[in-house]
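The values are calculated or read from the model by the stated rules, or taken from the named source; none is laboratory data. If you're wondering where the values come from, they're calculated on a predicted model, not measured in any experiment. Here the Cβ positions follow ideal geometry from the backbone for every residue, glycine too, while neighbour counts run over all protein chains shown. Only protein heavy atoms, including side chains, enter the accessible area calculation; ligands, DNA and RNA are left aside. Shrake-Rupley method; radii C 1.70, N 1.55, O 1.52, S 1.80 Å.
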Amino acid sequence: MGLFSLFRRKKKPPLPEPGLKEIFQGFQQVLVANNESLAIMGQLEEKLSDGNGFDLHFVRSRMDSLDRHLADLVAALQRMSGGRWQELENARIRLKVAIQQRLEEWPQIPPSPLLVRLEEAPAEIRAALGGKAANLARVRTDIGLPVPDGVVATLAAYRLFMEQKLPGAEGTLLERLQEKLATVNLEDEAAMEQAAAQLQALVLAQPLPEELAADLVAESRRLMDHPGRRLAVRSSGAREDIAATFAGQYESFLGVLPEEVPEYWRQVVASQFGARALVYFKNQGLILEEAAMGVLIQRLIQAQAAGVMFTTDPESYDPDLIIISATWGLAADLVGGRVSADEYIVSKQSGRQLHSRYGRKEYRLVLQDGRLVRETVAPELMEAASLEAPDLGQLAGFARVLDDYCGCPHDVEWAKGISGKLYVVQSRHLRLSDARARFPLEMVVAERGAEVLLEGGRVGSLGAAAGPVFRLYGDRSLAEVPPGAVLVAPRTTPQLAPALPRVAALVTDVGSTTGHLALVAREYGIPALVDTMRAGEVLPEGEIVTVDAYHAKVYRGRVEELLRYQTRKMPHLRQSPVYEKLRAVVNLVVPLTLVDRRSPDFRPENCRTYHDITRFAHEKAIQGMFGLMDGVEEGRFPALRLLKLDTNLPLNLHLMDLGGGLATHETPVPPASIISVPMRALWRGISHPGITWAGPVPVSVGGFLHVLAQTAIRPPERFWDKTYAIVAANYVNYSCRLGFHFATVDSFCGPVPDDNFINFAFKGGAADEPRRVRRAKLIAIVLERLGFELEVFKDVVRARFRKRPCAENEERLDLLGRLMAYVRQMDMLMSDDSKIYLLADRFLAGHYERPGEEERRERE
């Protein structure tokens with residue numbers, strides 16, 4: 001059975017002929033559903049335009065709502081038309097299927113073995129290794145830099161694990177995870193934390209395929225070149241270090257034995273469903289359903305020193321300046337923001353040290369008896385240099401080779417073994433903020449009375465921002481951090497990452513400019529100062545402060561001179577998978593291709609987008625209301641009572657109230673009882689005291705003789721026929737036949753401007769065709785100056801006034817009522833074209849007397 005057939009409804013029997021009230025109720029439902037649909041389309045367009053603040057859950061929920069409103073729209077049109085437009089429902093289903101297909105399309109995992117040795121990974125399968133491992137394979141094989149031996153459990157291994165049947169349940173692990181992911185609301189932190197725990201529990205409860213577990217142990221044993229060797233098990237997500245850094249968002253494990261690798265492999269896989277990673281996925285515009293994890297198993301370097309290198313200084317943008325952070329032992333606590341590190345500024349070309357700053361390194365992370373321990377550093381080494389000049393020169397050489405090969409700056413994690421050999425243990429492209437480009441170099445903030453609360457530390461992410469201080473110390477939780485706060489914390493730990501998108505700035509006591517959280521802050525465009533050593537002591541809770549992450553200062557209050565250069569969060573989603581998914585969906589939703597309602601192609605089967613469906617349904621609903629008078633005259637609505645209006649005007653006006661249009665239903669109805677908003681405005685114009693209804697209309701002899709001739713040839717059957725008005729609280733359909741001409745007004749006037757419209761039609765006259773055409777042109781000129789859209793053909797005028805506030809609609813209806821009365825029998829006066837603009841100007845100036853009428857009044 002095809003996907004289309006799953007949604008196709010069985011053909012229904014024709015709907016019964018609707019009554020007038022049912023037609024009007026259907027019309028109101030069309031208006032509501034149309035506006036709701038257009039509002040959602042506007043939201044989708046807005047997200048596509050600004051490229052921020054949404055995830056796949058948002059896209060799916062909006063599309064679900066949109067389809068419900070469109071189903072209501074089509075059903076309402078069917079009810080009011082007696083089932084005339086079945087093809088419109090078919091078009092909706094066809095588009096719904098196409099949109100769902102686009103939402104469910106996922107990139108294919110490239111084929112590869114379950115495990116690939118790092119040194120043997122050819123270029124054609126590197127996409128199957130995940131981002132981190134693929135980068136290291138390139139650095140080792142293509143560039144030739146030293147990288148520790150390792151093996152990668154590829155995305156094929158991940159797929160094998162995920163496609164297993166769940167123990168004691170139907171479906172696969174992947175299906176269960178995707179089902180839960182589709183309902184995760186990342187805006188609700190408590191619900192998101194709970195969902196993350198459930199997702200991880202599912203992964204951790206799933207046994208590894210025997211083949212995979214055995215291969216992981218066997219390959220891990222191969223890496224054990226001596227009994228004291230231990231392994232590192234590290235994440236290598238499908239988009240890690242490619243679409244985004246994922247710095248500190250996934251778990252990695254150090255000091256692992258071969259027999260422990262399968263369990264740690266599973267924990268790495270589960271970490272992509274942790275709360276921290278889920279929020280990061282959303283903020284980076286990645287799609288949770290596309291999550292896939294490669295896992296890198298490497299020899300763990302027993303490091304005497306380790307750290308991070310930026311091959312371009314992200315603060316100065318100088319391509320010759322390298323920033324190197326270093327600490328004793330392994331670098332896990334350095335990148336995790338838990339220790340203060342040495343920092344070196346080195347010339348990339350010469351390898352010469354230009355500047356250094358030594359952190360207080362109180363302990364080091366080392367292997368002891370096969371396990372990781374934090375070992376106290378000897379006092380003489382705590383503030384001693386952890387790198388020597390040859391080390392800095394060799395790292396500068398690494399930087400030159402990497403940048404020359406890839407043509408861009410890099411973020412490199414390195415380790416110095418016990419033998420003194422330097423290794424690259426991670427490499428990714430370095431994202432540079434554009435904040436420095438927006439900041440004039442000559443601008444130095446004069447304090448001008450502003451008090452400096454804190455000076456010093458390191459700039460982790462450029463920018464400036466102001467807000468109230470929130471101190472994240474003690475047992476306070478991340479969920480308590482309010483939007484717009486300046487977050488002050490002890491350390492730059494990756495656990496702070498979920499709060500970064502909502503804070504104004506970040507200031508920490510301890511941390512590194514090359515650590516994971518500083519990288520994430522730069523990705524989000526959040527100003528950050530790190531390693532200030534005393535932010536928690538001097539920044540009071542709730543105090544409004546300005547963070548200057550250009551000059552490493554924090555001021556009391558707002559410093560407006562500096563905030564003129566406040567950074568704006570980067571619209572980083574434009575190249576993301578979720579953005580591309582939204583674009584693909586919007587292409588079937590927003591474009592309007594069904595434009596010309598007069599074209600023979602204006603048919604439901606030609607609807608190519610959801611917008612086309614709303615356009616067609618709205619147009620046909622209005623046309624249906626506009627033609628109601630035909631049904632009234634044909635006697636299709638006998639149940640409705642006709643109420644004659646009490647007026648001296650020669651209109652013979654009868655009213656039909658659909659509800660809320662009249663204050664009384666006793667006949668004759670006094671004009672004061674008209675409470676329908678559009679009918680009241682129209683009647684105000686028709687009965688304007690400046691309009692003369694009584695007495696003869698001044699005519700030329702030629703015009704009068706022509707009318708006599710026309711009357712003899714085609715006498716009017718119902719010269720003073722009834723004029724009808726169907727009314728409701730916000731609606732009128734007015735139809736007036738006077739002699740040889742016919743006028744219709746159809747209008748809705750409510751609180752929502754997009755609902756409001758006036759449709760007007762005028763045709764005919766008793767004079768010859770040139771005179772009738774001149775009167776039609778007079779009407780068209782007036783309406784055009786009043787902002788109506790026009791169609792004019794000979795003596796026929798059709799005009800539309802749409803989507804304006806109710807007050808404007810009422811004003812136009814008042815003037816339209818005056819105009820219909822003003823042009824009554826005017827065709828007999830239209831002896832030449834000169835009168836067209838003269839009469840139009842007089843009417844718009846408020847002079848409603850016709851030529852000759854003023855003289856006649858004076859004679860009387």
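Among 644/794; 348/421; 763/835; 794/835; 361/421; 620/803, which pairs are too far apart, with a Cα-Cα distance over 24 Å? Present the calculation step by step, with values, prior to reporting the outcome.
Values: 644/794 34 Å; 348/421 19 Å; 763/835 19 Å; 794/835 17 Å; 361/421 22 Å; 620/803 17 Å.
Those over the limit are 644/794.
Note on residue 362 and residue 169: their simple-model spin labels are 4.5 nm apart, each label 7 Å out from Cα toward Cβ. Among the chymotrypsin sites (Phe, Trp or Tyr not before Pro) found in segment 298-364, not one is both in a DSSP coil and sparsely packed, with 11 or fewer other Cβ atoms within 10 Å of its Cβ. Distances between placed amide hydrogens fall under 5 Å for residue 543 paired with 469, all partners being 5 or more residues away or on another chain. Annotation: extensible slack from residue 538 through residue 832 equals 97.0 nm (criterion: 0.36 nm per residue apart, minus Cα-Cα distance). Counting only aspartates and glutamates at least 8 places from residue 581 when in the same chain, those with an alpha carbon closer than 17 Å to its own are 45, 46, 50, 55, 64, 104, 105, 289, 290.
For segment 307-320, putting each phi into the Karplus relation 6.51 cos²θ - 1.76 cosθ + 1.60 with θ = phi - 60° gives couplings of x, 10, 10, 9, 7, 9, 5, x, 8, 9, 6, 6, x, 8 Hz, in residue order, rounded to whole numbers and with x for Gly and Pro. Roughly speaking, what is the stretch gain from residue 352 to residue 374, that is 0.36 nm per residue apart minus the C-alpha to C-alpha distance, in nm to one decimal? Using 0.36 nm per residue and subtracting the Cα-Cα distance, I get 4.7 nm.
Near residue 223, within a Cβ-to-Cβ distance under 11 Å, what is the net charge of the other residues, with Lys and Arg +1 and Asp and Glu -1?
On the way: positive: 117, 221, 222, 229, 230, 299; negative: 149, 219, 225.
Result for the neighbourhood of residue 223: +3.
Placing a pseudo-label 7 Å from each Cα along the Cα-to-Cβ vector at residue 17 and residue 218 gives an inter-label distance of 8.2 nm.
The listed residues 553, 416, 777, once ranked by accessible area (1.4 Å probe) with the largest placed first, stand as 777, 553, 416.
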